[in-house]
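J.: Let me give you the structure first, and then I'll get to my questions.
The values are calculated or read from the model by the stated rules, or taken from the named source; none is laboratory data. If you're wondering where the values come from, they're calculated on a predicted model, not measured in any experiment. As a convention, Cβ positions derive from the backbone with ideal geometry for all residues, glycine included, and neighbour counts pool all protein chains shown. With ligands, DNA and RNA removed, areas are computed over all heavy atoms of the protein, side chains included. Shrake-Rupley method; radii C 1.70, N 1.55, O 1.52, S 1.80 Å.
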Amino acid sequence: DFDDPSVWDWRNARMQAFLERATVAVHAANRRFYVDVPVSWDDLKRHGRDSGLDYKGVLRHADRIVVWNYFAMDGRPAEVSRDLAQELRRSLPRDRVFVSIGLWAREGAMSPQDLARAVALTLDAGMPNIWITPNHLLTPQHWEALTSVLGRPGG
């Protein structure tokens, strides 16, 4: 039963051992270690435990985590970004967390309006570090939408 919490505990223990070794190697090369972690959409308080990537456990080793807010892939509305950001802000050090907004959607890329809304909601909920991926899906319209939320550089 993959959904049994004992399986989650086992996965997390295995990942912790791997992350400990990986951190040593990355830091030996004088680099920062960032680890991508999935969102447990069924319960945001799970913090990735069901996938073996418990956020607090990962942060014991990694310098930063990059939380996959890929809501449009699952057909979720941009508003879930606020809920996710609030949960992350409540429970994790915000200076060590990036919220990755994935442009992928069920059909191609999310709309520029959804991107702008997701970014604004994430920032409003207190999570200032945003990562947008993948670059090849960013259109001029997406950049315009981001500018409407973030303002012009140097402006």
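J.: Is the C-alpha gyration tensor of region 1-54 telling us rounded, prolate or oblate? Criteria: a/c under 1.5 is rounded; beyond that, a/b larger than b/c is prolate, otherwise oblate.
T.: oblate
J.: Please name whichever of Ile65, Ser81, His136 sits farthest to the positive end of the charge dipole of the chain, dipole taken about the Cα centre and charges placed at Cβ: Lys and Arg +1, Asp and Glu -1.
T.: Ile65
J.: First check a/c for region 115-155, with a ≥ b ≥ c the square roots of the eigenvalues of its C-alpha gyration tensor; if it is under 1.5, answer rounded, and if not, answer prolate when a/b is larger than b/c or oblate otherwise.
T.: oblate
J.: Skip the ligands, DNA and RNA, and give the accessible area per residue of region 16-155 with a 1.4 Å probe, whole Å².
T.: Ligands and nucleic acids excluded, the figure is 53 Å² per residue.
J.: Summing -39500 (n - 2.57) over the DSSP H runs of n ≥ 4 in the chain and dividing by its residue number, what mean residue ellipticity at 222 nm do you reach, to the nearest 500 deg cm²/dmol?
T.: -13500 deg cm²/dmol
J.: Moving on to the next point. Give the peptides 112-119, 77-84 in descending order of average Cβ contacts within 10 Å, highest first.
T.: The peptides rank, most packed first, as 112-119, 77-84.
J.: Another question, then. When a/c reaches 1.5 or more, the comparison of a/b and b/c decides; with that in mind, is region 1-93 rounded, prolate or oblate per its Cα gyration tensor?
T.: Oblate is the answer for region 1-93, as a/c is 1.5 or above yet b/c matches or exceeds a/b.
J.: Suppose every K and R has +1 on its Cβ and every D and E has -1 on its Cβ; what is the size of the dipole of the chain about the Cα centre, in Debye to the nearest 20?
T.: Charge dipole of the chain: 660 debye, to the nearest 20.
J.: Using the Cβ atoms and a cut-off under 11 Å, what net charge is assigned to the surroundings of Arg82, where Lys and Arg are +1 and Asp and Glu are -1?
T.: Once positives and negatives cancel, what remains is -2.
J.: Taking 30 Å as R0, compute the FRET efficiency from the Cβ-Cβ separation of Arg94 and Asp43 and round it to 0.05.
T.: 0.90
J.: Quick check for me: using +1 on Lys/Arg Cβ and -1 on Asp/Glu Cβ, what's the dipole size of region 49-93 about its Cα centre, in debye to the nearest 20?
T.: 200 debye
J.: How long is the gain from Tyr34 to Val7 if the chain were fully straight, where each residue apart is worth 0.36 nm and the alpha carbon distance is subtracted?
T.: The span from Tyr34 to Val7 would gain 7.3 nm if fully extended.
J.: Measuring from label point to label point, each 7 Å out along Cα→Cβ, what is the Leu137 to Ala17 span in nm?
T.: A separation of 3.5 nm, rounded to one decimal place.
J.: Turning to a different aspect of this structure: Using a 10 Å cut-off on Cβ atoms, rank the peptides 12-25, 89-102 from the highest mean neighbour count down.
T.: Per-residue mean Cβ counts within 10 Å order the peptides as 89-102, 12-25.
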